[in-house]
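J.: The structure follows.
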Amino acid sequence: MGLPGSGKTTIGRQLARRLGVPFVDSDHVIEHRLGCSIREFFAREGEDSFRDVEQQVLDDLTQSHEGVIATGGGSVLREANRRHLRERGHVIYLRSTPEDVFRRVRHDTARPLLQVDDPLARLRALFEARDPLYREAAHFVIETGRPSVATLVNMIVMQLELAGHLPANPPAQASATAVVGPVANP
């Protein structure tokens, strides 16, 4: 989990590949369930309705998915989501500064939250509001900064190994659940 643009989907996908487990992006599951894009649903039905669907999807995924789950950046806004994620998995918060995120996504027009006059100010506000919530839900906080995706995946695997959640040098089919959180965020 983490801010939009913190690398959650990319890192989550690589982490799953490295661990030999399935990867699922909760936003894709939500869109499949809705039959339309999150952006469309959000505009038509509002945030509360979207958060209801998101909460149900996360509840389902955290009970049934054995692998890496990428969550929406705003999934931590509901206490039930934070609790389910923390109790049912090993939550990794990819902590990125608003400046690092802005550097990565400044040319990305597919992020509705950042289509504002001052996207850096928006990222700073999101960070200020959500950082404590991400920390509350997280078992591990990984500072993303500028390391490569491979380096970040190695850091996550090392943390999971040190905490005893993975065997040292896991086999190709190691079983672990990690919650990361997708790049896309309504």
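The values are calculated or read from the model by the stated rules, or taken from the named source; none is laboratory data. Please read all numbers here as calculations on a predicted model, not as lab measurements. Glycine gets a Cβ as well: all are built from the backbone with ideal geometry, and neighbour counts include every protein chain shown.
J.: So, in region 11-53, of the ones that are of a type in the set (Val, Ile, Thr) and modelled with pLDDT of 95 or more, which residue ends up farthest from Ile69 (Cα to Cα)?
T.: Once the filter is applied, the top-ranked residue is Val53.
J.: While we're here: What number of residues within region 93-143 satisfy the criterion of being without any contact (Cβ under 8 Å) to a residue 12 or more places away in the chain, over 21 Å from Gln159 (Cβ atoms) and not aliphatic (A, V, I, L, M)?
T.: 8
J.: Identify, by number, the condition in (1) without any contact (Cβ under 8 Å) to a residue 24 or more places away in the chain; (2) surrounded by fewer than 19 Cβ atoms within 10 Å (Cβ to Cβ) that Arg146 doesn't meet.
T.: The single condition Arg146 does not satisfy is (1).
J.: Could I ask something else about it? Might you let me know whether region 122-131 holds any residue that is at pLDDT 95 or above and in contact with a strand residue (DSSP E or B) (Cβ under 8 Å, 6 or more places away or on another chain)?
T.: yes
J.: With Val91, Val153, Val76 as the choices, which residue is among the hydrophobic types (A, V, I, L, M, F, W, C), modelled with pLDDT of 85 or more and farther than 21 Å from Arg51 by Cα?
T.: Among Val91, Val153, Val76, only Val153 is among the hydrophobic types (A, V, I, L, M, F, W, C), modelled with pLDDT of 85 or more and farther than 21 Å from Arg51 by Cα.
J.: Now for a different question. Restricting the search to region 140-157, which residues are touching a Gly at 6+ places or on another chain (Cβ under 8 Å) and under 24 Å from Leu77 (Cα atoms)?
T.: Thr144 - this is the single residue of region 140-157 that is touching a Gly at 6+ places or on another chain (Cβ under 8 Å) and under 24 Å from Leu77 (Cα atoms).
J.: Sticking with this structure for a sec: May I ask you to verify whether Val53 is without any contact (Cβ under 8 Å) to a residue 40 or more places away in the chain, part of a helix (DSSP H, G or I) and touching a Ser or Thr at 6+ places or on another chain (Cβ under 6 Å)?
T.: So Val53 fails the test.
To keep it simple, each residue is scored yes or no on (1) under 26 Å from Pro22 (Cα atoms); (2) in contact with a His (Cβ under 8 Å, 6 or more places away or on another chain); (3) not in a loop (DSSP other than H, G, I, E, B).
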{"position": "Gly72", "(1), (2), (3)": "yes, no, no"}
{"position": "Ala80", "(1), (2), (3)": "yes, no, yes"}
{"position": "Leu85", "(1), (2), (3)": "yes, no, yes"}
{"position": "Tyr93", "(1), (2), (3)": "yes, no, yes"}
{"position": "Phe102", "(1), (2), (3)": "no, no, yes"}
{"position": "Leu123", "(1), (2), (3)": "no, no, yes"}
{"position": "Ala129", "(1), (2), (3)": "no, no, yes"}
{"position": "Leu152", "(1), (2), (3)": "yes, no, yes"}
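J.: Which of the residues spanning region 18-32 are in a helix (DSSP H, G or I) and loosely packed, with under 14 Cβ neighbours inside 10 Å?
T.: His32
J.: Filter region 104-120 down to the residues that are among the aliphatic types (A, V, I, L, M) and not in a loop (DSSP other than H, G, I, E, B), then identify the one that is modelled with the lowest pLDDT.
T.: Leu113
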